[in-house]
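Okay, so here's the structure we're looking at.
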Amino acid sequence: DRVVLIGDAAHTAHFAIGSGTKLGFEDAISLARHLDTDQSLPQALRAYQAEREVEALKLQSAARNAMVWFENAPRYCEAFDTKQLNYSMLTRSQRVSHENLRLRDKAWLEDYEKHLAAQALAAPVEEAVPPMFLPFSLRDMQLQNRVVVSPMSMYSAERGVPGDWHFVHYGSLAQGGAGLVYTEMTDISPEGRITTGCPGIWNDQQGTAWQRIVDFVHGHSGAKMCIQLGHSGPKGSTLKPWEDAQGDTPLAEGGWEVISPSAHPYAAHCNVPREMTRADMDAVRDQFVEAAQRAGRAGFDMIELHAAHGYLLSAFITPALNKRSDEYGGSLENRLRFPLEVCTAVREAWPAEKPLAVRISASDWLGDAGVTPEESVEIARAFKACGADIIDVSAGQTSPDAQPVYGRMFQTPFADAIRNDAGIAAMAVGNIYELDHVNSIIAAGRADLCCLARPHLMDPNWTLRAAAQMLSLIHI
């Protein structure tokens, strides 16, 4: 309690952001401030430690992002023009943001915004346009901006039928200005539900209920609607979140058989699934196809296959849950075999003019014991070859042993790698909550769309408010 380290003696950050001297000075200032109090010396040093440890972690996270950028510089040199390469380099740590650049050099930033707008609109522009409000196209679907309302499970359906609650929920989100609004994971069968409150699209009653919502969105907003199709796999037949203090607790009554690639539970307290047979795979594949066909009749603009977070398709992909020794287990190629089969079948059943997305967990946060970021690029390439138009890049939730590294926009580097290495459009998701985040991600070419979940729950009009805020920032 009488020894203190400051600066590089206490913590280091990669030289990609050149922060060592800054950390040392800030440590010294903090130490002097804490010592100049009525606290005892040990108390003062513990207070110093608590304050500076957090700040050091923030800078180390930024330095890690910058390090990854420099280590992958050829990716950007080949994909970007000079102006975007400059912007990407300046914002590499995710600490220097779009509006921070406006403070540093407003004329330069506005020139770059015009450059991006001219590319997006395929015509010269005279007025700068914030990157988040640039249009975006996938096949014949035209989005009015780059903001996406991310899928959020609400657990409020009855017998899988979306009701008035969902009508109000999605209707209000669509009128808030976002270019694309997702449904929550919508299940392809009763046995594919997570809980008894999950919505589905395995029968015509559900399809008709979804059509009512889609028709309202199309008639009263400029938003497009995407339905996320999924099967819970090993994470099914559980209590609703507000009934469950532990999480993923199996239903005591009224449950159903859970299936998965292997008889391996998601967690020790979860249901032990039955290992799927080839007949099970055929049935599930056909259920995905039938769900896609109902989604088409309901008028959805896009489909997303949920192949992330430890649900059924994800359970095939991750070695954390797939323990098979046949042609559907072992190597990444084998583990992808069934998910790609589903993707191919759904693409064939889905109208050619409408886009297909796939959500993946780009990292299991398990090191080499799970899917790695490097493998996620190969996964994205494989889905692209099967007809996917865009990858929704999430991470984790495939194992309770995961060790995620959280922070602002913490999953965006995964989207960056997939977009620029796999050569497919990408959506970024994960702790994106400010308009500055969205503008920076889009302008730097790290993703094509940005998904926000909780910000839209707190404020369904998030995008409209962001537009008003941007106007005030631009004219300051």
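Among residues other than Trp165 with Cβ under 15 Å from its Cβ, the summed charge is 0 (Lys and Arg +1, Asp and Glu -1).
With one equal scatterer per alpha carbon and no solvent term, the Debye-computed log10 I(q)/I(0) for region 153-203 at 0.16, 0.22 1/Å reads -0.45, -0.76. Cysteines of the chain lacking any other cysteine Cβ under 4.7 Å from their own Cβ: Cys77, Cys198, Cys226, Cys270, Cys450, Cys451.
Residues with beta-carbon under 11 Å from that of Met185, excluding Met185: net charge, scoring Lys, Arg +1 and Asp, Glu -1? Taking every Cβ under 11 Å from that of Met185, the sum is 0.
Between Leu57 and Arg104, the simple spin-label model (points 7 angstrom out along Cα→Cβ) gives 2.7 nm.
Volume per residue of the convex hull around the Cα atoms, evaluated for region 123-181, comes out as 107 Å³. Its DSSP H runs of at least 4 residues, each contributing -39,500 (n - 2.57), put the calculated 222 nm mean residue ellipticity of the chain at -14000 deg cm²/dmol, to the nearest 500.
Among the GluC sites (Glu not before Pro) within region 253-345, which fall in a DSSP loop and have no more than 14 other Cβ atoms within 10 Å of their own Cβ?
Numbers: sites: Glu253, Glu257, Glu275, Glu290, Glu304, Glu327, Glu333, Glu341; in loops: Glu253, Glu257, Glu327.
Loop-located and lightly packed - Glu253, Glu257, Glu327.
Semi-axes of the equivalent ellipsoid for region 53-145, please: Cα gyration tensor eigenvalues, times 5, square-rooted, ordered largest first, whole Å. Could you put the intermediate results ahead of the total?
Numbers: eigenvalues 150, 54, 39 Å².
Calculated on Cα positions only, the semi-axes equal 27, 16, 14 Å.
Helices in the chain that qualify as membrane-span-like (whole DSSP H runs, Cα extent of at least 20 Å along the helix axis, mean Kyte-Doolittle hydropathy of -1.0 or higher) are 20-35, 41-71, 106-121, 204-220, 278-298, 332-349.
Segment Lys83..Phe15, full-extension length gain: 22.1 nm, with 0.36 nm per residue of separation and the alpha-carbon distance subtracted. Can you give the local net charge around Met470? Use residues other than it whose beta-carbon is closer than 11 angstrom to its beta-carbon, Lys and Arg +1, Asp and Glu -1. That sum, taken over residues with Cβ under 11 Å, equals -1.
If you take the alpha carbon atoms of the chain and fit the smallest convex hull around them, that volume is 173 Å³ per residue.
The order of the peptides 319-325, 306-312 by mean Cβ neighbours within 10 Å, most packed first, is 306-312, 319-325. Sorted into 5 angstrom bins from 0, the C-alpha pair distances of region 308-354 split as 5, 24, 25, 19, 12, 9, 5, 1 percent.
Could you tell me what percent of the accessible area of region 1-92 is made up of carbon and sulfur, with a 1.4 Å probe and every protein chain present? Please report the intermediate quantities before stating the final value.
Working: 3120 of 5470 Å².
So the carbon and sulfur contribution to the accessible surface is 57 percent.
Size descriptors for region 27-98 (Cα atoms only): Rg and Dmax, in that order, 18.8, 58 Å.
Full extension of the chain between Asn203 and Gln49 gives 49.6 nm of extra length, using 0.36 nm per residue less the Cα-Cα distance.
Report relative contact order for the chain in percent, whole number only (criteria: Cα-Cα under 8 Å, sequence separation at least 6). Show your work: numbers first, answer last.
Details: 932 pairs, mean separation 63.0, N = 476.
It rounds to 13 percent for the chain.
Spacing of the modelled spin labels on Asn334 and Ala369, each 7 Å from Cα toward Cβ, amounts to 2.1 nm. Evaluate the Debye formula for region 193-276 with equal point scatterers sitting on the alpha carbons, no solvent, and hand back log10 of I(q)/I(0) at q = 0.13, 0.16 Å⁻¹, in q order, two decimals. So the normalised log intensities work out to -0.55, -0.73.
Overall shape: prolate for region 364-476, with the ratio a/c of the largest to smallest alpha carbon gyration tensor axis at 1.5 or above and a/b above b/c. Close Lys pairs in the chain (alpha-carbon distance under 27 Å; sequence gap of 8 or more, or different chains): 13. Each peptide in 22-33, 431-442, 54-65 receives the mean, over its residues, of other Cβ atoms within 10 Å, and ordering these scores from highest gives 431-442, 54-65, 22-33. With the cut-off at under 16 Å, measuring from each backbone N in region 171-212 to a point 7 Å along the Cα-to-Cβ line of Gln293 picks out 188-189, 201-208. Each residue, Glu327 and Lys240, gets one label point 7 Å from its Cα in the Cβ direction; the gap between the two is 4.4 nm.
The values are calculated or read from the model by the stated rules, or taken from the named source; none is laboratory data. Remember, predicted model here, so these are calculated numbers, not experimental data. Note that we place each Cβ from the backbone using ideal geometry, even for glycine, and neighbour counts take in every protein chain shown. Just the protein is used for accessible areas: all its heavy atoms, side chains included, with ligands, DNA and RNA removed. Shrake-Rupley method; radii C 1.70, N 1.55, O 1.52, S 1.80 Å.
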